[in-house]
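Before any comments, here is the structure.
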Amino acid sequence: LHQGTRQAQPKPSKIGPIPELQVMVNIDTPADLQEALTVAAEGIGLYRTETEVLMKGRLLTETEQEARYTEVVKTMAGRPVYIRLLDLGADKAAPWLRLPPEENPALGCRGARLLLSHPEILREQARALARASIHGPIHVIYPMVTDRDQFHQLHALFNSALTDLPSESLLHGIMFEVPSAYLQAGQLFQEIDFGCIGTNDLVQYLFAADRTNDNTGYDALLSHPVLWELIQELAKAAQAAAKPLSLCGELGGNAHFTQKIIAAGIQAVSANPKQVFAVRQAARRVTLNKSKGPSNKQGDNAEERKKAP
Ligand code: PEP
Ligand code: MG
């Protein structure tokens, strides 16, 4: 190879944490932790505990669960860890649970409802989480919660399993993914320690558009103003109650929406590790635009005036 024709290799540019947006990652099992560390994740924003259960076709024992959660907490060494209670049913079907057949599983016994109807599943997971929380705080996410009463029931069930186990390092919050929870956000934020937005199910239930059906125009709905109004209102409610709020659905990892997410008042997202770089890059553009300050704004206006007829 001639020296003169050699192309300069682009250096892999790393964008680390940025002030505008905390970027955490989603994991399915502790095996995903290495990738989370590689991208310098600022926390585990969503550990979907049901994924391994669905892959294995059985529930994990309490001891197995404790080992998984402990590994995550220890590996993240003080960075926030959000672990979701088993979110089973509908698109996360577990036929081996032998639930009665349903006409419409998306509106049936799933998420919070399934946990309430199978208290022993919730109790085992609660005990495993409590034992793991000895090694560091755990944010426990309750899935598909519809209102404050349902959160109370789940929370009481969770606590009833702990008796002699420590609970001081457990924080309790809900995934905001059913529209009714948005309408009760003010009351819910009085009770919960934090909130997570689940845009995948939120879009499905808000617009009656099946998330697994390509013919519902689901992707286009991600830009619908009604969705963004809801997100903005929830961010305000979280802020008024001084409770953390993060956005965890696929939208959180879609860099096309990062600036919109920040503009809506969201300060934390959880993305898949492969999306972290692009999300940080997009968020960094918000920082840069801000730092250009008012003189830049004037420039923009001048440009606009030039374009005007
Ligand atoms: C969601 O619904 O947006 C979410 C984060 O959870 P899942 O995709 O697992 O339902
Ligand atoms: Mg969901």
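Counting only DSSP beta bridges with both residues in the chain, the antiparallel share comes to about 5 percent. A Cα-only calculation for the chain places Rg and Dmax at 21.3, 74 Å.
Just so you know, the Rg over Rh for the stretch 15-170 is 0.98, from Cα atoms, with Rh as the Kirkwood radius.
Amide H contacts of Ile197 (H built 1.01 Å from N, in plane; Pro and chain starts excluded): Phe176, Ser246, Leu247, Cys248 sit under 5 Å, all sequence-distant by 5 or more or on other chains.
Packing here is the average count of other Cβ atoms within 10 Å per residue, and on that basis the peptides 131-139, 248-256, highest first, run 248-256, 131-139.
Counting pairs of alpha carbon atoms under 8 Å apart in space and at least six apart in sequence, what relative contact order in percent does the chain give? Intermediate values should be presented prior to the final figure.
Details: 503 pairs, mean separation 59.9, N = 309.
Once normalised by length, the contact order is 19 percent.
Packing-based ranking of 259-272, 68-81 yields 259-272, 68-81, ordered from highest to lowest mean Cβ neighbour count within 10 Å. Each Lys or Arg adds one and each Asp or Glu subtracts one; over the other residues with Cβ under 12 Å from the Cβ of Arg127, this totals -3. Relative contact order for the stretch 153-292: 20 percent, from Cα pairs under 8 Å spaced at least 6 residues apart, divided by residue count. Label separation (Asp28 vs Leu157): 2.6 nm, computed from points 7 Å beyond Cα along the C-beta direction.
Values quoted throughout were computed directly from the atomic coordinates according to the rules given, and no laboratory measurement underlies them. The structure presented is a predicted model; accordingly, all values stated were derived computationally and were not measured. Here Cβ is always computed from backbone atoms with ideal geometry, including for glycine, and neighbour counts include all displayed protein chains.
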